[in-house]
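The values are calculated or read from the model by the stated rules, or taken from the named source; none is laboratory data. This one's a predicted model, so the numbers in the text were calculated from it and none came from an experiment. Here Cβ is always computed from backbone atoms with ideal geometry, including for glycine, and neighbour counts include all displayed protein chains. Protein only, heavy atoms only, side chains kept; ligands, DNA and RNA dropped before computing areas. Shrake-Rupley method; radii C 1.70, N 1.55, O 1.52, S 1.80 Å.
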Amino acid sequence: MQIIENMRVFDIRGGGMHPVIVELTTKDGIVGYGEAAVAYGLGAKAAAGMLADLAPSVIGADATYPRAVWHEIYDNSFWTKGGGAIVFAALSAIDQALWDIKGKSLGIPVYELFGAKFDTEIEVYANGWSASHNDVEGWARSAERPLADGYRLLKCYPLAHEVNGVSLRHVQRRQLSDEAFQRAVGRVRMLRKVVGPDIGIMLDLSGGLNNDQLIRFMDVCEELDLIWVEEPFDPFDLKNMQVQAGRWSVPIAAGERAYTRHGFRNLLETGGVDIVMPDVGNCGGIFEFVQIAAMAETYNARVSAHNCASSLLTAASIQVATASAMVMPLEIYPYFSENNSYVQVLENPPEKSIRDGKLTVSTSPGLGADVDLAAISQFLTFDFLRDLG
């Protein structure tokens, strides 16, 4: 048995990111880590608080059986059923840490526990490279940097506008001004000219447009030979996904804001999604991701892991991608770490192994992630110790 005796939560702040990391320690001294993937936007404090609320279900549990602990939490926490990002980010972090412990206790990577290692390398795509420009040409030419760094696949936010010098603010109220709409059209057309015909492009719309603007924009997208258009509709708008299924020749991706196999079943049953994008840090965790990927295969849909948090989440994403069939390239933000206040939570970040747009799959036990306690210790928020009396 691997009884959990200590649980610590770190609410990390730096570089514009706020990853929440949980540390579980067993009676035998095996330590596992997981991340609640709400590292951007709002919700980190809430996720840290949710982890604190779940501590009584984790302390004293047997890490030998992660699925049993998962169901103890899911079936008895009430708000987990039908819940959203915060509760499932916390559950996902706990689940990752449990599988990390299990892999370490057996001396094998987590993917080995699922009887699969589909690749020794994983192709990645670069995101976040276009945020420094708000015009058409400068925005598109920003792609020259990741291309020079060896990336052959690029994702971006053509609808984003600038706030405080950063062009990442999403559309509000489902509409763009005529000027902003034409700028978005100009950006994507210029981007294809800048990168040429052989570079893969993904566009993320973040459910930002009303139907009439979306139809016009998607007509432009069909000219550009895209790998996918992501979240053309609001994540709650499954009916529109169903109604518009097959309207465009461009593959449709969605799912970073869907949770558990139940949420992904609802998404897949619309018939309007070609690529699902579970995040191992909020979809429910390691085994939930693997189940979602297997279910997607029955719908003939592929899987691309959403990944926008710390390097710990990258390590966890590598494990589930390696264990799943029909996976597509993994998301990477290669320039996050350039912010002077960025906190690198790992001593061995997987991103450092990227060469020519691919990273090496670790063979180290567990998640293959060595957490840098010196870097994160100042962010310790909760510390729970089993009452052995």
Over region 85-131, the set of residues open to solvent by 20 Å² or more (accessible area, probe 1.4 Å), in contact with a strand residue (DSSP E or B) (Cβ under 6 Å, 6 or more places away or on another chain) and acidic (Asp, Glu) is Glu121, Glu123
Restricting region 302-335 to residues that are assigned to a loop (DSSP other than H, G, I, E, B) and touching a Cys at 6+ places or on another chain (Cβ under 9 Å), the one farthest from Leu113 (Cα to Cα) turns out to be Tyr333
Log entry, pairs with first residue in region 197-216 being over 26 Å from Glu331 (Cβ atoms) and open to solvent by less than 10 Å² (accessible area, probe 1.4 Å), second being part of a loop (DSSP other than H, G, I, E, B) and at pLDDT below 95, beta carbons closer than 9 Å, six or more apart or on different chains, reads none
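Go through region 65-103 and count every residue that is polar (S, T, N, Q) and in contact with a Leu (Cβ under 9 Å, 6 or more places away or on another chain). Reasoning before the result, please.
As a first pass, look at region 65-103 and keep what is polar (S, T, N, Q): 76-77, 80, 92, 96.
Checking which are in contact with a Leu (Cβ under 9 Å, 6 or more places away or on another chain) leaves us with 77, 80, 96.
So the count comes out to 3.
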Subset of region 336-371, residues open to solvent by 40 Å² or more (accessible area, probe 1.4 Å) and assigned to a loop (DSSP other than H, G, I, E, B), comes to Asn339, Asn340, Ser341, Tyr342, Gln344, Glu347, Asn348, Asp356, Thr363, Ser364, Pro365, Asp370
Checked Val229, Val171 against criteria (touching a His at 6+ places or on another chain (Cβ under 9 Å), free of Cβ contacts under 8 Å to residues at least 40 places away in the same chain and either open to solvent by less than 10 Å² (accessible area, probe 1.4 Å) or in a loop (DSSP other than H, G, I, E, B) (or both)); the one match is Val171
Those residues of region 194-226 which are assigned to a loop (DSSP other than H, G, I, E, B) and within 16 Å of Met277 (Cβ to Cβ) amount to Leu205, Ser206, Gly207, Leu226
Among Gly60, Gly32, the single one that is open to solvent by 10 Å² or more (accessible area, probe 1.4 Å), more than 30 Å from His161 (Cα to Cα) and at pLDDT 95 or above is Gly60
